[in-house]
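Enquirer: After the C-alpha coordinates below, expect a handful of questions from me.
The values are calculated or read from the model by the stated rules, or taken from the named source; none is laboratory data. Because the structure is a prediction, the values reported are computed rather than measured. Here the Cβ positions follow ideal geometry from the backbone for every residue, glycine too, while neighbour counts run over all protein chains shown. These area figures cover heavy atoms from the full protein model, side chains too; ligands, DNA and RNA do not enter into them. Shrake-Rupley method; radii C 1.70, N 1.55, O 1.52, S 1.80 Å.
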Amino acid sequence: MTDLSHLPGSATDRLRPVGRTTGEPVARPRRRFRLPFSPWHLLLAPLALLFAVPLIWLGLSSVMSDAEINRFPPALWPSGIHLGGYRFVLGNAMFPRWFANSLIVSAVAVVSNLLLGTLGGYAFARMRFGGSRVLLVLMLATMAIPFQLTMIPTFLVMRKLGLVDTLGALIVPSLVTPFAVFLLRQFFLSLPRELEEAAWIDGCSRLRVLFQIVVPLSRPALSTVAVLTFLTTWNDLSWPLIALNHDANYTLQLGLTTFRGQHHTQWSAVMAGNVITVLPVLLAFLAAQKTFVRSITSTGLKG
(Lines give C-alpha, C1' and ligand atoms only; values in the text may rest on other atoms or scores of the structure.)
Protein backbone atom coordinates (compact mmCIF):
# COMPACT_ATOMS: atom_id res chain seq x y z
CA MET A 1 0.00 0.00 0.00
CA THR A 2 1.44 3.42 -0.98
CA ASP A 3 2.30 5.87 1.84
CA LEU A 4 0.73 9.25 1.01
CA SER A 5 1.59 10.98 4.29
CA HIS A 6 4.42 12.96 2.66
CA LEU A 7 2.13 14.51 0.07
CA PRO A 8 0.68 17.98 0.76
CA GLY A 9 -2.96 18.04 1.67
CA SER A 10 -2.92 14.51 3.07
CA ALA A 11 -5.08 13.52 6.07
CA THR A 12 -2.16 13.51 8.46
CA ASP A 13 -1.08 16.93 7.26
CA ARG A 14 -4.54 18.35 7.78
CA LEU A 15 -4.67 17.00 11.34
CA ARG A 16 -1.26 18.43 12.30
CA PRO A 17 -1.60 21.86 14.06
CA VAL A 18 0.13 24.57 12.05
CA GLY A 19 0.99 28.17 12.74
CA ARG A 20 -0.97 31.03 11.28
CA THR A 21 1.81 32.39 9.05
CA THR A 22 4.88 30.14 9.19
CA GLY A 23 3.16 26.78 8.84
CA GLU A 24 5.20 25.36 11.77
CA PRO A 25 3.49 23.15 14.39
CA VAL A 26 2.09 25.17 17.31
CA ALA A 27 3.71 24.40 20.68
CA ARG A 28 1.28 23.10 23.25
CA PRO A 29 0.86 25.38 26.30
CA ARG A 30 2.46 24.14 29.46
CA ARG A 31 0.20 23.02 32.26
CA ARG A 32 0.13 25.38 35.22
CA PHE A 33 1.38 23.87 38.43
CA ARG A 34 -1.33 23.72 41.05
CA LEU A 35 -0.93 23.01 44.72
CA PRO A 36 -2.79 19.97 46.08
CA PHE A 37 -4.25 22.25 48.75
CA SER A 38 -5.54 25.79 49.07
CA PRO A 39 -2.84 28.52 49.01
CA TRP A 40 -4.37 29.86 52.22
CA HIS A 41 -2.97 26.80 53.98
CA LEU A 42 0.53 28.22 53.50
CA LEU A 43 -0.50 31.05 55.82
CA LEU A 44 -2.86 29.17 58.12
CA ALA A 45 -0.55 26.21 58.84
CA PRO A 46 2.21 28.34 60.49
CA LEU A 47 -0.44 30.29 62.42
CA ALA A 48 -2.03 27.05 63.64
CA LEU A 49 1.39 25.79 64.73
CA LEU A 50 2.03 29.07 66.54
CA PHE A 51 -1.24 28.79 68.46
CA ALA A 52 -0.54 25.13 69.24
CA VAL A 53 2.88 25.85 70.82
CA PRO A 54 1.46 26.62 74.32
CA LEU A 55 -0.62 23.43 74.26
CA ILE A 56 2.40 21.37 73.16
CA TRP A 57 4.53 22.99 75.84
CA LEU A 58 1.86 22.20 78.44
CA GLY A 59 1.84 18.53 77.46
CA LEU A 60 5.63 18.24 77.50
CA SER A 61 5.95 20.06 80.83
CA SER A 62 3.42 17.74 82.45
CA VAL A 63 5.84 14.81 82.04
CA MET A 64 8.89 16.76 83.25
CA SER A 65 10.25 16.83 86.77
CA ASP A 66 10.13 20.01 88.86
CA ALA A 67 13.88 20.42 88.41
CA GLU A 68 13.58 20.37 84.61
CA ILE A 69 10.71 22.86 84.64
CA ASN A 70 12.60 25.27 86.93
CA ARG A 71 15.85 24.97 84.96
CA PHE A 72 17.19 28.06 83.20
CA PRO A 73 17.38 28.09 80.27
CA PRO A 74 14.26 25.92 80.22
CA ALA A 75 14.43 22.40 78.80
CA LEU A 76 12.62 22.06 75.48
CA TRP A 77 12.29 18.29 75.70
CA PRO A 78 11.92 16.08 78.77
CA SER A 79 14.84 13.81 79.60
CA GLY A 80 12.32 11.10 80.39
CA ILE A 81 8.67 10.53 81.16
CA HIS A 82 8.07 11.59 84.75
CA LEU A 83 4.52 10.94 85.97
CA GLY A 84 5.00 12.39 89.44
CA GLY A 85 2.72 15.34 88.65
CA TYR A 86 -0.12 13.07 87.53
CA ARG A 87 0.31 10.88 90.60
CA PHE A 88 0.13 13.93 92.86
CA VAL A 89 -2.99 15.29 91.14
CA LEU A 90 -4.89 12.00 90.92
CA GLY A 91 -3.81 11.08 94.45
CA ASN A 92 -5.28 14.26 95.88
CA ALA A 93 -8.42 13.32 97.78
CA MET A 94 -10.28 16.46 96.66
CA PHE A 95 -9.49 16.24 92.94
CA PRO A 96 -12.39 13.87 92.04
CA ARG A 97 -14.72 16.15 94.01
CA TRP A 98 -13.51 19.22 92.13
CA PHE A 99 -13.90 17.44 88.80
CA ALA A 100 -17.45 16.38 89.70
CA ASN A 101 -18.36 19.92 90.79
CA SER A 102 -17.15 21.37 87.50
CA LEU A 103 -19.00 18.69 85.56
CA ILE A 104 -22.26 19.31 87.43
CA VAL A 105 -22.14 23.08 87.01
CA SER A 106 -21.19 22.85 83.33
CA ALA A 107 -23.82 20.21 82.51
CA VAL A 108 -26.65 22.15 84.19
CA ALA A 109 -25.56 25.37 82.47
CA VAL A 110 -25.48 23.68 79.06
CA VAL A 111 -28.93 22.07 79.44
CA SER A 112 -30.56 25.24 80.79
CA ASN A 113 -29.04 27.43 78.07
CA LEU A 114 -30.25 25.05 75.38
CA LEU A 115 -33.79 24.99 76.78
CA LEU A 116 -34.23 28.62 77.83
CA GLY A 117 -32.16 29.96 74.94
CA THR A 118 -34.33 28.06 72.48
CA LEU A 119 -37.54 29.44 73.98
CA GLY A 120 -36.22 33.00 74.14
CA GLY A 121 -34.63 32.92 70.70
CA TYR A 122 -37.78 31.56 69.06
CA ALA A 123 -39.91 34.19 70.78
CA PHE A 124 -37.72 37.01 69.46
CA ALA A 125 -37.51 35.46 65.98
CA ARG A 126 -41.14 34.55 65.30
CA MET A 127 -43.41 36.24 67.83
CA ARG A 128 -44.28 39.92 67.64
CA PHE A 129 -45.31 41.53 70.91
CA GLY A 130 -45.14 44.99 72.38
CA GLY A 131 -41.62 46.08 73.17
CA SER A 132 -39.94 43.05 71.58
CA ARG A 133 -37.40 45.18 69.74
CA VAL A 134 -36.63 47.20 72.86
CA LEU A 135 -36.19 44.06 74.95
CA LEU A 136 -33.87 42.59 72.32
CA VAL A 137 -31.72 45.71 72.29
CA LEU A 138 -31.59 45.82 76.09
CA MET A 139 -30.64 42.15 76.22
CA LEU A 140 -27.83 42.67 73.71
CA ALA A 141 -26.65 45.73 75.62
CA THR A 142 -26.01 43.57 78.69
CA MET A 143 -23.36 41.71 76.67
CA ALA A 144 -21.29 44.90 76.59
CA ILE A 145 -21.26 45.23 80.39
CA PRO A 146 -18.01 43.80 81.84
CA PHE A 147 -18.19 41.18 84.55
CA GLN A 148 -16.32 43.43 86.99
CA LEU A 149 -19.35 45.73 87.13
CA THR A 150 -21.89 42.99 87.78
CA MET A 151 -20.05 40.67 90.15
CA ILE A 152 -20.90 42.66 93.31
CA PRO A 153 -24.66 42.95 92.54
CA THR A 154 -24.66 39.27 91.58
CA PHE A 155 -22.96 38.35 94.85
CA LEU A 156 -25.52 40.36 96.83
CA VAL A 157 -28.37 38.59 95.05
CA MET A 158 -26.81 35.18 95.72
CA ARG A 159 -26.40 36.10 99.38
CA LYS A 160 -30.06 37.10 99.62
CA LEU A 161 -31.00 33.74 98.10
CA GLY A 162 -28.73 31.90 100.54
CA LEU A 163 -26.65 30.36 97.75
CA VAL A 164 -23.21 31.71 98.66
CA ASP A 165 -20.61 28.94 99.07
CA THR A 166 -22.80 26.44 97.22
CA LEU A 167 -22.84 25.17 93.65
CA GLY A 168 -26.13 27.02 93.22
CA ALA A 169 -24.20 30.31 93.27
CA LEU A 170 -22.40 29.13 90.13
CA ILE A 171 -25.44 27.61 88.42
CA VAL A 172 -28.10 30.34 88.81
CA PRO A 173 -26.17 33.17 87.05
CA SER A 174 -25.41 30.78 84.15
CA LEU A 175 -28.92 29.42 83.57
CA VAL A 176 -29.33 31.49 80.40
CA THR A 177 -27.05 33.95 78.62
CA PRO A 178 -27.88 36.73 76.15
CA PHE A 179 -25.44 35.20 73.67
CA ALA A 180 -27.34 31.91 73.57
CA VAL A 181 -30.66 33.69 72.98
CA PHE A 182 -29.20 35.92 70.27
CA LEU A 183 -27.37 33.15 68.43
CA LEU A 184 -30.44 30.91 68.34
CA ARG A 185 -32.63 33.83 67.33
CA GLN A 186 -30.37 34.55 64.36
CA PHE A 187 -30.42 30.91 63.31
CA PHE A 188 -34.22 30.69 63.58
CA LEU A 189 -34.51 33.70 61.27
CA SER A 190 -32.62 31.79 58.58
CA LEU A 191 -35.17 28.95 58.57
CA PRO A 192 -38.06 29.17 56.06
CA ARG A 193 -41.41 30.06 57.58
CA GLU A 194 -43.22 27.76 55.16
CA LEU A 195 -42.25 24.70 57.23
CA GLU A 196 -43.87 26.15 60.34
CA GLU A 197 -46.94 27.36 58.46
CA ALA A 198 -47.48 23.88 57.02
CA ALA A 199 -47.33 22.42 60.52
CA TRP A 200 -49.82 25.02 61.79
CA ILE A 201 -52.24 24.08 59.02
CA ASP A 202 -51.99 20.46 60.19
CA GLY A 203 -53.06 21.58 63.66
CA CYS A 204 -49.72 21.71 65.50
CA SER A 205 -49.40 24.11 68.40
CA ARG A 206 -46.58 26.63 68.56
CA LEU A 207 -44.59 24.59 71.10
CA ARG A 208 -45.02 21.43 69.05
CA VAL A 209 -43.80 23.26 65.95
CA LEU A 210 -40.81 24.51 67.90
CA PHE A 211 -39.70 21.17 69.34
CA GLN A 212 -40.64 18.90 66.42
CA ILE A 213 -39.88 21.11 63.41
CA VAL A 214 -37.54 23.94 64.36
CA VAL A 215 -35.31 22.28 66.96
CA PRO A 216 -34.30 19.29 64.76
CA LEU A 217 -33.28 21.74 62.02
CA SER A 218 -31.26 23.81 64.50
CA ARG A 219 -28.72 21.20 65.57
CA PRO A 220 -25.71 23.23 64.33
CA ALA A 221 -26.73 26.27 66.38
CA LEU A 222 -27.61 24.16 69.41
CA SER A 223 -24.24 22.41 69.22
CA THR A 224 -22.49 25.76 69.09
CA VAL A 225 -24.38 27.05 72.12
CA ALA A 226 -23.61 23.85 74.01
CA VAL A 227 -19.88 23.97 73.24
CA LEU A 228 -19.43 27.67 74.01
CA THR A 229 -21.46 27.43 77.22
CA PHE A 230 -19.43 24.42 78.32
CA LEU A 231 -16.16 26.23 77.56
CA THR A 232 -17.20 29.36 79.45
CA THR A 233 -18.51 27.54 82.51
CA TRP A 234 -15.75 24.95 82.69
CA ASN A 235 -12.94 27.53 82.46
CA ASP A 236 -14.49 30.11 84.79
CA LEU A 237 -12.25 31.07 87.69
CA SER A 238 -13.19 34.62 88.72
CA TRP A 239 -16.77 33.97 89.87
CA PRO A 240 -16.05 30.70 91.77
CA LEU A 241 -13.19 32.51 93.52
CA ILE A 242 -15.70 35.08 94.81
CA ALA A 243 -18.70 32.85 95.52
CA LEU A 244 -17.02 29.81 97.12
CA ASN A 245 -15.15 29.50 100.41
CA HIS A 246 -14.79 25.81 101.33
CA ASP A 247 -12.56 23.57 99.25
CA ALA A 248 -15.25 20.86 99.13
CA ASN A 249 -17.27 23.12 96.82
CA TYR A 250 -14.36 24.19 94.62
CA THR A 251 -14.47 23.70 90.89
CA LEU A 252 -11.53 22.21 89.05
CA GLN A 253 -10.08 25.56 87.99
CA LEU A 254 -10.25 26.92 91.52
CA GLY A 255 -8.86 23.73 93.03
CA LEU A 256 -5.77 23.84 90.83
CA THR A 257 -4.80 27.16 92.40
CA THR A 258 -4.21 25.34 95.71
CA PHE A 259 -1.21 23.58 94.14
CA ARG A 260 0.65 26.89 94.21
CA GLY A 261 2.07 27.46 97.66
CA GLN A 262 3.47 30.63 99.19
CA HIS A 263 7.06 29.37 99.18
CA HIS A 264 7.00 26.37 96.85
CA THR A 265 5.00 25.49 93.75
CA GLN A 266 4.78 21.98 92.34
CA TRP A 267 4.83 22.96 88.70
CA SER A 268 4.66 19.39 87.45
CA ALA A 269 1.38 18.94 89.34
CA VAL A 270 0.08 22.26 88.02
CA MET A 271 0.90 21.25 84.44
CA ALA A 272 -0.60 17.78 84.86
CA GLY A 273 -3.76 19.23 86.36
CA ASN A 274 -4.09 21.67 83.48
CA VAL A 275 -3.71 18.86 80.95
CA ILE A 276 -6.54 16.95 82.63
CA THR A 277 -8.60 20.15 82.68
CA VAL A 278 -8.00 20.93 78.99
CA LEU A 279 -8.85 17.44 77.69
CA PRO A 280 -12.68 17.66 78.13
CA VAL A 281 -12.74 21.09 76.51
CA LEU A 282 -10.59 19.93 73.59
CA LEU A 283 -12.68 16.82 73.01
CA ALA A 284 -15.92 18.81 73.16
CA PHE A 285 -14.69 21.26 70.54
CA LEU A 286 -13.35 18.57 68.21
CA ALA A 287 -16.64 16.66 68.44
CA ALA A 288 -18.69 19.71 67.42
CA GLN A 289 -16.21 21.40 65.07
CA LYS A 290 -18.18 20.93 61.84
CA THR A 291 -21.52 21.97 63.32
CA PHE A 292 -19.79 24.91 65.00
CA VAL A 293 -18.58 26.28 61.67
CA ARG A 294 -21.95 25.63 60.00
CA SER A 295 -23.76 27.53 62.73
CA ILE A 296 -21.46 30.56 62.61
CA THR A 297 -21.91 30.84 58.83
CA SER A 298 -25.69 30.40 59.05
CA THR A 299 -26.45 32.90 61.79
CA GLY A 300 -25.30 35.81 59.63
CA LEU A 301 -27.78 35.18 56.81
CA LYS A 302 -30.56 37.32 58.26
CA GLY A 303 -30.69 40.16 60.70
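Enquirer: Using only the Cα atoms, what convex hull volume per residue in Å³ does segment 87-128 have?
Expert: 49 Å³
Enquirer: Show log10 I(q)/I(0) for segment 204-243 at q = 0.22, 0.33 Å⁻¹, two decimals, from a solvent-free Debye sum over equal Cα scatterers.
Expert: Those come out to -0.71, -0.97, one per q.
Enquirer: Another question, then. Please report the accessible area of LEU163 (heavy atoms, 1.4 Å probe, ligands and nucleic acids excluded) in Å², nearest 10.
Expert: Around 40 Å² of this residue is reachable by solvent.
Enquirer: Provide the solvent-accessible area of SER132, counting protein heavy atoms only and rolling a 1.4 Å probe, rounded to the nearest 10 Å².
Expert: 20 Å²
Enquirer: Using the Karplus curve 6.51 cos²θ - 1.76 cosθ + 1.60 with θ = phi - 60°, what ³J(HN,Hα) values do you get for each residue of segment 46-58, in whole Hz, with x for Gly and Pro?
Expert: x, 5, 4, 5, 5, 6, 7, 4, x, 5, 5, 5, 4
Enquirer: How high is the relative contact order of segment 93-215, given as a whole-number percent (alpha carbon pairs under 8 Å, six or more residues apart)?
Expert: Dividing the mean separation by the residue count of segment 93-215 yields 41 percent.
Enquirer: With labels modelled as points extended 7 Å from the Cα through the Cβ direction, what inter-label distance (nm, one decimal) is found for VAL134 paired with ALA67?
Expert: 7.1 nm
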